[in-house]
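Okay, structure first, notes after.
No lab work stands behind these numbers, since they all come straight from the coordinates. Quantities reported herein were computed from a predicted structural model and do not represent experimental measurements. With ideal geometry, Cβ positions are generated from the backbone for all residues, glycine too; neighbour counts draw on all protein chains shown.
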Amino acid sequence: MRVAVVGATGAVGSTILGVMRERAFAADEVVPFASDRSAGRTIDYGDRDLTVVALSDEAIAGFDLALFSAGSAISAEWAPKFADAGAVVVDNSSQWRMHDDVPLVVSEVNPDALDRHRGIVANPNCTTMQTVMALGPILQAAGIERVVMSSYQAVSGTGQRAVEELHRQAEAVIEAQELPAPTVYPHQIAFNVLPQVETFKDGDDYTTEERKCMRETSKILGRDDIGVSATCARVPVFTGHSVSANVQTRDPLSPDECRQLLGGAPGVTVIDDPANGLYPTALDAAGRDDVLVGRIRRDPSHERCLNLWIVGNNLRKGAATNAVQLAELLHVRGLLGAARA
Ligand SMILES: NC(=O)c1ccc[n+]([C@@H]2O[C@H](COP(=O)([O-])OP(=O)(O)OC[C@H]3O[C@@H](n4cnc5c(N)ncnc54)[C@H](OP(=O)(O)O)[C@@H]3O)[C@@H](O)[C@H]2O)c1
């Protein structure tokens, strides 16, 4: 199998390459693509060095699979070209997620949606991804009427430049130097919390990230009758998103039943012993693929509502790992190459 990794030098792309190596992904050849700036650079891929290539009509021929993480504009232009040239694209950007003929898939929650792909499969937004990992099993067991979620999102969710910005600002604050002007976020992120993730578009008072969380959750769960309300905040954490979710079920579900249910769910680990200081923190998600859930408790204001604290690694399960898992499923189910719909 020939695999293209588009955006291979970025935060997600480099994690995709790492996850492929860890999982011994069945690729005969891996070609990393990035911008002209990185073309010619070499990337260590375990037993071999890979040379970064710039995108061109000639260079994209002959791939079975293309894993994209180079932003929406690149996906808009190049994902259809890769698909036309015979590859199945798994795209991390938001470009294709809400298109009717593009499945939006979390490997443990709605893997059968892959069967309907027509050349492009979308990987959900990282905050949505970790939240539906917990919501999926609850929906199956007790139904869901409404979800109110608030996120506390790490800067690596914005990419490498944001990681560098937090480093620079934190150093300046600690060394009592003048702060460099923010270039990635609208305000200082070091030692601050910003109630804005992405942008406010067309006079909307929800951000684009909040809209994604609401729409993508409904699409993945296959239910547009579930009310979803989201508030997304950026926090000065390098990696690991946290979500506080208030979940109103259709049928009664006790905190203990929920703990048991999620404890048995694939890809989810319950850490929930608050009396002993045990609950998931963003740092706990470092290097991990499983989504961590704790603080499972009854909402005292509603007998069919539970509160959950959900932590996920935005670069791994929130992006790279799910993309590689989808690629594995496409391969195993014979949905690559000529077999595609
Ligand atoms: N970070 C996350 O947690 C996360 C989670 C889910 C989804 N996503 C999505 O994944 C995508 C990438 O995010 P990221 O955080 O990895 O961003 P990033 O660190 O800024 O990386 C961007 C990548 O795109 C490449 N690129 C830029 N312009 C290009 C061009 N003209 N042609 C080819 N490649 C080009 C860059 O190559 P150069 O190095 O050559 O500039 C780099 O490899 C975004 O759509 C983002 O929304 C990110």
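What to note about this one:
- Dimensionless Rg ratio for region 37-110, taking C-alpha atoms and the 2.2 N^0.38 Å reference: 1.23
- Working from Cα pairs under 8 Å separated by at least six residues, relative contact order for the chain is 19 percent.
- Other-chain or far-sequence residues with amide H under 5 Å of Ile144's (modelled H): Arg250
- Annotation: amide H of Tyr45 within the under-5 Å range of Leu50, sequence separation 5 or more or interchain, hydrogens built in the peptide plane.
- In plain terms, if you count all Cα to Cα distances in region 190-341 and split them into 5 Å steps from zero, the share in each step is 2, 8, 12, 17, 20, 17, 12, 7, 3, 1, 0, 0 percent.
- When the trypsin sites (Lys or Arg not before Pro) in region 25-57 are filtered for DSSP coil states and for at most 11 other beta-carbon atoms within 10 Å of their beta-carbon, the remaining sites are Arg37.
- For region 85-97, 3J(HN,Hα) computed residue by residue from phi via the Karplus equation (6.51, -1.76, 1.60; θ = phi - 60°) reads 7, x, 8, 9, 9, 10, 10, 8, 7, 8, 3, 10, 4 Hz, glycine and proline entered as x.
- Between region 172-220 and region 51-126, the C-alpha centres lie 26 angstrom from each other.
- Sum of -39500 (n - 2.57) over DSSP H runs of 4+, divided by residues of the chain (222 nm, nearest 500): -8500 deg cm²/dmol
- Contact order normalised by residue count of region 179-238, Cα under 8 Å, 6+ apart, percent: 39 percent
- Candidate lysines - alpha carbon under 26 Å from Lys81, same-chain residues fewer than 8 apart omitted: Lys212, Lys219
- Taking the inverse of the mean reciprocal distance over all distinct Cα pairs, the Kirkwood hydrodynamic radius of the chain comes to 20.7 Å.
- Largest GNM mean-square fluctuation across Tyr279, Tyr45, Tyr152, computed for the chain with C-alpha springs under 10 Å, falls on Tyr45.
- R0 of 30 Å, Cβ-Cβ distance Arg37-Thr208: FRET efficiency to nearest 0.05: 0.70
- Segment Gln260-Asp273, length gained on full extension (0.36 nm per residue, minus Cα span): 3.3 nm
- Highest-fluctuation residue, Thr15, Thr42, Thr207 considered, GNM on the chain with Cα pairs under 10 Å: Thr42
- Antiparallel bridge percentage (DSSP; both residues within the chain; nearest 5): 50 percent
- Subtracting the Cα-Cα distance of Ala61 and Asn192 from 0.36 nm times their residue separation leaves 42.5 nm of extension gain.
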